Amino acid sequence: MGKFTEYKLPLKSMPAGTHQFEYRLDKRFFENMESADIHDADLTVHLTVTYKADIYSLDFAIQGTITLICDRCLDDLIFPVDTTYHIAVKYGEDYSDDSDELLVIPESDNYLNVAYMIYDTVALTIPIKHVHPMGKCNRQMSAMLKKHRAHQPGDEDTELEDTLIDEMETMDSNEPEAATDPRWEQLKKLSQQSPDQE
């Protein structure tokens, strides 16, 4: 049994009408795809295939989370995925994917493997830069990065980023104590005095 056998749709034997398929994607799927970016996953793929007038209409809905590596601190970054993809498929003489909306496959193909369509749909949701929200990175790694980062003269963006990281980390680690009214402090002292001190 091949790595992606379960993702083969039996198009030739599919009767007209609407058909539902569901797949669960985990770490193994992305390891088999040799993905460098996605290190783990918990995804559900709902596929609706509507076969009508020699056209197979495929609608993918993918939801869940994937685990990436933060570009800043190298810790795991859980990234939510909620995306859809639509494509029409029909049989023809030769394979052709010239159109973004129509895929032509040869008459000799009894099946269509949708594993790569699913992978590409998920991969396209990943932003170019994947980092934790400000202040959520691994603090030790952020401090080391800041220490060893080479600053160029006039690099205001880097200096601003360092300042913001410092402020966010300070806010997280040092909860400000609520300012108290000095009159309350005096009242507390009075209430703590024993009766024989009066």
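The values are calculated or read from the model by the stated rules, or taken from the named source; none is laboratory data. Worth saying up front: this structure is predicted, and the values here are computed from it rather than measured. Please note: Cβ atoms are built from the backbone with ideal geometry, for glycine as well, and neighbour counts cover all protein chains shown. Quick note on the areas: whole protein, heavy atoms, side chains included, nothing else; ligands and nucleic acids left out. Shrake-Rupley method; radii C 1.70, N 1.55, O 1.52, S 1.80 Å.
Points to keep in mind about this one:
- Selected residue [touching a Gly at 6+ places or on another chain (Cβ under 6 Å), open to solvent by less than 60 Å² (accessible area, probe 1.4 Å) and modelled with pLDDT of 95 or more] from THR48, THR44: THR44
- The set of residues in region 101-139 that are charged (D, E, K, R) and surrounded by fewer than 11 Cβ atoms within 10 Å (Cβ to Cβ) comprises GLU101, GLU107, LYS129.
- If only residues of region 9-41 that are of a type in the set (A, V, I, L, M, F, W, C) and within 20 Å of HIS86 (Cβ to Cβ) are counted, the one that is surrounded by the fewest Cβ atoms within 10 Å (Cβ to Cβ) is ALA16.
Conditions (1) farther than 18 Å from LEU9 by Cα; (2) surrounded by 15 or more Cβ atoms within 10 Å (Cβ to Cβ); (3) without any contact (Cβ under 8 Å) to a residue 40 or more places away in the chain, marked per residue:
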{"position": "GLY64", "(1), (2), (3)": "yes, yes, yes"}
{"position": "CYS73", "(1), (2), (3)": "yes, yes, no"}
{"position": "ILE78", "(1), (2), (3)": "yes, no, yes"}
{"position": "THR83", "(1), (2), (3)": "yes, no, no"}
{"position": "VAL89", "(1), (2), (3)": "no, yes, no"}
{"position": "ASP97", "(1), (2), (3)": "no, no, yes"}
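- Tally, over region 71-118, of residues that are within 15 Å of ILE38 (Cβ to Cβ) and touching a Gly at 6+ places or on another chain (Cβ under 7 Å): 1
- Residues (hydrophobic (A, V, I, L, M, F, W, C) and in a strand (DSSP E or B)) located in region 19-61: PHE21, LEU25, ALA41, LEU43, VAL45, LEU47, VAL49, ILE55, LEU58, PHE60, ALA61
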